[in-house]
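What follows is a single structure, written as structure tokens, with notes after it.
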Amino acid sequence: MLVRRSFTFLLRPTAHQQVALTACLDDHRALYNAALEHRRTAYAKAKVSIRYGEQSADLKHIRADDADGQGRWSFSSQQATLRRLDKAFAAFFARLKAGRTPGFPRFKGAGRFDTVEWPKDGDGCRWDSQPEHPTTTYVRLQGVGHVRVHRHRPVRGTVKTIGVKREGSRWYVIVSCDDVSAEALPSTGGAVGIDLGVASLVTTSDGEHLANPRHLAASADRLAAAQRDLARKKRGSARRRKAVARLAALHATVRRQRLDSAHKAARALVGDYDVIVHEDLRIANLTRSASGTIEAPGRNVAQKSGLNRSILDAGWGVFVAILSHKAESAGRELIAVNPAHTSRTCARCGHVAKENRPTQAEFACTACGHTAHADVNAAINILRAGLALREAAQAA
């Protein structure tokens with residue numbers, strides 16, 4: 001089976017190349033903001049909707065009038081930036097049609113635009129641009145030059161798109177490849193249901209608990225100190241910019257730690273089981289604020305806020321996304337089931353009642369007297385629901 005995969009590597013730009021990369025981001029951001037202003041003004045003044053095709057056609061004149069600015073970058077990368085704006089408007093209208101909060105596309109500030117994409121390898125960019133250096137990999141970017149890449153693993157498949165991302169003081173290249181061969185793992189014959197939680201990141205139907213590292217909580221003191229230091233700095237000053245960079249670096253560390261833990265936990269599950277069943281959680285709904293409104297204020301707001309923080313710190317969404325990718329590559333089957341009542345249903349007799357969970361960790365059925373760890377009981381229910389869906393799909 002062939003799949004599409006992205007590979008992310010750290011860039012090692014020279015000081016001159018860092019300046020060029022920053023200028024590339026700034027000019028693409030300016031193009032994005034100008035295109036957004038064009039659309040807003042056209043509709044406000046003449047009720048005319050501007051489309052991507054019209055703005056893409058205008059690029060030729062923009063580049064000719066600003067040869068030392070916009071004209072020095074790849075035409076296709078600028079088209080990708082305009083398509084990015086077009087997707088933002090498409091998402092806005094989709095939310096509007098669905099009756100959700102629309103969220104009109106906004107102008108991008110200096111710290112809100114950190115990626116540029118080249119849609120085709122060889123058009124304004126070139127992966128492995130200097131093959132005569134077998135021990136070092138370079139990527140060539142128009143207007144920047146040949147930038148050294150810290151390639152810590154091989155790139156498989158056919159390189160399609162190349163992107164550059166700034167994260168704090170670091171630069172990364174994202175190489176998206178087609179026709180990557182999935183590396184199927186040997187069959188184990190096992191099936192498991194998993195319950196995502198805060199006390200344990202994952203609890204399996206076999207009774208195994210994978211610890212929740214709580215990376216954000218572990219770094220809370222350092223983050224709070226960095227935030228207080230930032231609050232004391234004068235806006236616009238060099239010291240404030242340095243404080244912002246320090247705080248961003250701490251958050252980036254937490255993010256990388258969370259990703260690392262999710263990869264390891266997902267890899268362990270994919271290696272041990274052929275079928276993995278999980279809850280189809282709506283994390284945005286689970287972490288919605290309980291504050292309410294002035295007319296109808298919420299209850300237990302502080303407790304709900306703490307729970308929301310713990311859920312987001314656990315990184316359920318990140319874990320499920322990584323598990324999905326690894327399962328696909330390993331030839332495993334991943335099934336999502338409706339989470340309704342899985343934590344209140346007795347795995348032995350099927351009795352459903354809120355009273356079945358006297359505490360967060362304890363399950364005691366009020367009908368048959370069955371007792372178990374609450375998360376293990378829920379994981380067993382999740383597995384059964386997933387296997388039932390699987391059998392129904394195979395029978396259809």
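The values are calculated or read from the model by the stated rules, or taken from the named source; none is laboratory data. Note that the structure is a prediction, hence the values are computed from the model and not measured. Because the Cβ atoms are built from the backbone with ideal geometry, glycine has one as well, and the counts that use them run over all protein chains shown.
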Query raised in the report: Tell me, which residue of segment 234-257 that is assigned to a helix (DSSP H, G or I) and among the small types (Gly, Ala, Ser) is surrounded by the most Cβ atoms within 10 Å (Cβ to Cβ)?
Result: 243
Query raised in the report: What do you reckon, is residue 58 under 32 Å from the mean Cα position of the chain (by Cα), part of a helix (DSSP H, G or I) and among the acidic types (Asp, Glu)?
Result: no
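Listed here are the residues, each with its yes/no results for (1) over 30 Å from residue 183 (Cα atoms); (2) free of Cβ contacts under 8 Å to residues at least 60 places away in the same chain.
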| site | (1), (2) |
| --- | --- |
| 5 | no, no |
| 29 | yes, no |
| 58 | yes, yes |
| 73 | yes, no |
Query raised in the report: Of the residues 95, 51, 83, which is within 18 Å of residue 163 (Cα to Cα) and not hydroxyl-bearing (Ser, Thr, Tyr)?
Result: 83
**Report entry** The listed residue being in contact with a Cys (Cβ under 8 Å, 6 or more places away or on another chain) and surrounded by 16 or more Cβ atoms within 10 Å (Cβ to Cβ), out of 173, 147, 155
**Finding:** 155
Query raised in the report: Mind checking whether some residue in segment 296-317 is on the phi > 0 side of the Ramachandran plot and polar (S, T, N, Q)?
Result: yes
Requested in this report: Working only within segment 292-317, note down all residues that are surrounded by 11 or more Cβ atoms within 10 Å (Cβ to Cβ), modelled with pLDDT under 80 and not in a helix (DSSP H, G or I).
Outcome: 292, 298
**Report entry** Which listed residue, of 374, 330, 290, is in contact (Cβ under 8 Å) with a residue 12 or more places away in the chain and touching a Phe, Trp or Tyr at 6+ places or on another chain (Cβ under 6 Å)
**Finding:** 374
Requested in this report: Would you mention how many residues in segment 115-157 are part of a loop (DSSP other than H, G, I, E, B), at pLDDT 95 or above and among the hydroxyl-bearing types (Ser, Thr, Tyr)?
Outcome: 0
**Report entry** Condition met for residue 92 (of a type in the set (A, V, I, L, M, F, W, C) and surrounded by fewer than 13 Cβ atoms within 10 Å (Cβ to Cβ))
**Finding:** no
Report summary line: Taking segment 168-198 and the residues there that are in contact with a strand residue (DSSP E or B) (Cβ under 8 Å, 6 or more places away or on another chain) and charged (D, E, K, R), the one that is nearest to residue 118 (Cα to Cα) would be 178
Report task. Determine whether residue 223 is at pLDDT 95 or above, surrounded by 13 or more Cβ atoms within 10 Å (Cβ to Cβ) and either under 19 Å from residue 318 (Cβ atoms) or not acidic (Asp, Glu) (or both). Result -> yes
**Report entry** The lone exception for residue 171 - which of (1) hydrophobic (A, V, I, L, M, F, W, C); (2) within 27 Å of residue 248 (Cα to Cα); (3) out of contact with any helix residue (DSSP H, G or I) (no Cβ under 7 Å at 6 or more places or on another chain); (4) part of a strand (DSSP E or B) it fails
**Finding:** (3)
Query - Which numbered condition residue 381 misses (of (1) free of Cβ contacts under 8 Å to residues at least 12 places away in the same chain; (2) crowded, with 17+ Cβ neighbours inside 10 Å) - result: (1)
Query raised in the report: Out of curiosity, is residue 343 outside any loop (DSSP other than H, G, I, E, B) and hydroxyl-bearing (Ser, Thr, Tyr)?
Result: no
Query raised in the report: Identify, please: which residue in segment 34-50 is loosely packed, with under 12 Cβ neighbours inside 10 Å and closer than 19 Å to residue 84 by Cβ and is, among those, farthest from the chain's Cα centre (by Cα)?
Result: 49
